[in-house]
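Participant: The structure follows.
The values are calculated or read from the model by the stated rules, or taken from the named source; none is laboratory data. Everything quoted here is computed from the prediction, not taken from an experiment. Here the Cβ is made from the backbone with ideal geometry for all residues, glycine too, and neighbour counts use every protein chain on show. In case anyone asks, the SASA skips ligands and DNA or RNA and just uses the protein heavy atoms, side chains included. Shrake-Rupley method; radii C 1.70, N 1.55, O 1.52, S 1.80 Å.
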Amino acid sequence: PGRAKRQLLSQLFQPLNLQAGGEAGWDGGPGEPTCRSQKLMLQAGLVHPASPGCYYYLPPTVRAMEKLVRVMDEEMQAVGGQKLNMPSLSSAELWRASGRWGQMGPELFRLADRHSKDYCLGPTHEETVTELVAAQSNLSYKQLPLRLYQVTRKFRDEPKPRFGLLRSREFYMKDMYTFDASEEAARQTYDLVCNAYCSLLDRLGLPFVKVRAAAGSIGGTVSHEFQLPADVGEDRLVLCPDGHFAANVETLTREQQTSCPTCGKKLTQTRGIEVGHTFYLGTKYSSVSNAVFYSPDNKPQLLEMGCYGLGVTRILAASIEVLSTEDGIRWPSLIAPYQLCFIPPKRGSKEEEEGAALLEQVYDDLAEALPHLAGDSVLDDRTQLTIGKRLKDASKLGYPYVVVAGKRVCEDTPVFEVWNQNAGEVLFLTKEGVIELLSKVQVP
């Protein structure tokens, strides 16, 4: 009810360190490698290191993450996904039965309860979800396909956590597990979910490639990774220049490595950050847990499975890594923590009183005209700083739009300076022009 309360930058819990150079020692010991996203996220008060590979995600990061999860929910529900939540603590018995208790080695965070029962903190949930579905003793073919997903914290005891959220020991992931009646149906589901991943990354405006991948400890016979090409990436990729072929180098035999199997052109090499991974699993896990459904002639048959992961916190960091400049964050505009920053005149300037009042009026009118942006606006009330200094900070923090009450705000028809950061352009607009421009902004 009533007016939306203005969000003041000075009151946000976002400890800015924008003056700092990006020297090593930001995180971990001196000389540790840092990358652009890690440096920018630490400077902008988006994350704060807790222990190696573990971070506090500060309020703006949680806002971006919640937006990203809403976009993921839209894409997963469009392919029939149903959201659930599984325990992080997973019984060792399940992992021993699948053979992965030994196979995963020191990557598993293991612990014992007071009764000396062994558990691990889930890095992934194939065993757990298969056990859940196996417990439904009269699952009918009419209830298939079943597409279950969650967004939760995952845990991996990385030997060398580095590059901030790109390789951490505790992170958020969206993982989907699918159950079908036949291999053919499971492969159709596989294509459907891969297309949903492409759609998601397209909506974020991220330059990705889908590459053939090794199945690793998850298993299965078909596997693809969704990679964002980046120098800091840990995966080596080979790509056909015409897009016929793309693979992670680890999947290739020596003979295949130089030319495209389709068109014969020389393959180019690049590095990538993996942000998604898909697997067709077949009956690898359903056979262990005896997860079955009943066919039309009432015979029990093993379920055909697939699993699909998207790194939530990794997509945040990777998108900053590939879209940003060395000294300024560029978010995918859909998931920027705040869409808008308002900069009033400097304290003591001749525009101060009239300009501040007019800018606050735009803030309030905008919240009324475009209620979906009401909570997405920040007023930079640090009026002891020049407009130029605050503009520079706004660029470092990555607001897609910045509205400034500058010299022309006191003209007969007040004109505001609007910086469209992602397009790299400055517009001079009346209040109505500002509202019209921002009416096109999407917020999930």
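Participant: Those residues that are among the aromatic types (Phe, Trp, Tyr) and either free of Cβ contacts under 8 Å to residues at least 12 places away in the same chain or closer than 23 Å to VAL275 by Cβ (or both), I need them from the stretch 57-108; list them, please.
Facilitator: Matches in the stretch 57-108: TYR57 only.
Participant: Could you list, in sequence order, all residues of the stretch 140-180 that are modelled with pLDDT of 95 or more, farther than 14 Å from GLY311 by Cβ and assigned to a loop (DSSP other than H, G, I, E, B)?
Facilitator: Once the filter is applied, which keeps residues that are modelled with pLDDT of 95 or more, farther than 14 Å from GLY311 by Cβ and assigned to a loop (DSSP other than H, G, I, E, B), the stretch 140-180 yields LEU144, PRO145, ASP157.
Participant: Being within 19 Å of TYR338 (Cβ to Cβ), in a loop (DSSP other than H, G, I, E, B) and touching a helix residue (DSSP H, G or I) at 6+ places or on another chain (Cβ under 7 Å) is the filter here; which residues of the stretch 407-431 pass it?
Facilitator: Scanning the stretch 407-431 gives GLN421, ASN422.
Participant: Related question: Right, ARG162: surrounded by 21 or more Cβ atoms within 10 Å (Cβ to Cβ) and in the same structural domain as GLU304 (by the TED database) or not?
Facilitator: Judged against the criteria, ARG162 is not a match.
Participant: Of all residues in the stretch 375-390, count the ones that are of a type outside the set (D, E, K, R), surrounded by fewer than 18 Cβ atoms within 10 Å (Cβ to Cβ) and assigned to a helix (DSSP H, G or I).
Facilitator: 2
Participant: Still on this model: Check whether at least one residue in the stretch 207-218 is out of contact with any helix residue (DSSP H, G or I) (no Cβ under 7 Å at 6 or more places or on another chain), exposed (fewer than 14 other Cβ atoms within 10 Å of the Cβ) and at pLDDT below 95, and report yes or no.
Facilitator: The answer is yes, given that some residue of the stretch 207-218 is out of contact with any helix residue (DSSP H, G or I) (no Cβ under 7 Å at 6 or more places or on another chain), exposed (fewer than 14 other Cβ atoms within 10 Å of the Cβ) and at pLDDT below 95.
Participant: Ok, one more. Only one residue in SER289, SER333, SER319 is surrounded by 19 or more Cβ atoms within 10 Å (Cβ to Cβ), at pLDDT below 95 and either in the same structural domain as THR130 (by the TED database) or not acidic (Asp, Glu) (or both). Which one?
Facilitator: On the way: SER289 fails: at pLDDT below 95; SER319 fails: at pLDDT below 95.
One residue alone meets the criteria, SER333.
Participant: Against the conditions (1) surrounded by 15 or more Cβ atoms within 10 Å (Cβ to Cβ); (2) modelled with pLDDT of 95 or more; (3) of a type in the set (Val, Ile, Thr), where does VAL426 fall short? Just the number, please.
Facilitator: Every listed condition holds for VAL426 apart from (1).
Participant: Examine the stretch 128-148 for a residue that is within 27 Å of GLU75 (Cβ to Cβ), open to solvent by 50 Å² or more (accessible area, probe 1.4 Å) and either in contact with a His (Cβ under 8 Å, 6 or more places away or on another chain) or free of Cβ contacts under 8 Å to residues at least 40 places away in the same chain (or both), and state whether such a residue exists. Walk me through how you get there before you give the answer.
Facilitator: Step one: of the stretch 128-148, the residues within 27 Å of GLU75 (Cβ to Cβ) are 128-133, 136, 139, 141-148.
From the residues that got through so far, the ones that are open to solvent by 50 Å² or more (accessible area, probe 1.4 Å) too are 131-132, 136, 141-143, 145.
Adding the requirement that they be either in contact with a His (Cβ under 8 Å, 6 or more places away or on another chain) or free of Cβ contacts under 8 Å to residues at least 40 places away in the same chain (or both) leaves 136, 142.
Within the stretch 128-148, one or more residues are within 27 Å of GLU75 (Cβ to Cβ), open to solvent by 50 Å² or more (accessible area, probe 1.4 Å) and either in contact with a His (Cβ under 8 Å, 6 or more places away or on another chain) or free of Cβ contacts under 8 Å to residues at least 40 places away in the same chain (or both).
Participant: So, one more: Residues in the stretch 394-406: is at least one surrounded by fewer than 20 Cβ atoms within 10 Å (Cβ to Cβ), touching a strand residue (DSSP E or B) at 6+ places or on another chain (Cβ under 7 Å) and of a type in the set (D, E, K, R)?
Facilitator: Checked against the condition, which is being surrounded by fewer than 20 Cβ atoms within 10 Å (Cβ to Cβ), touching a strand residue (DSSP E or B) at 6+ places or on another chain (Cβ under 7 Å) and of a type in the set (D, E, K, R), the stretch 394-406 yields at least one hit.
Participant: Out of the stretch 271-322, which residues are charged (D, E, K, R) and in a strand (DSSP E or B)?
Facilitator: So the first thing to find is which residues in the stretch 271-322 are charged (D, E, K, R), and the list is 271, 274, 284, 297, 299, 304, 314, 321.
Listed by number, the residues that qualify are ARG271, GLU274, GLU304.
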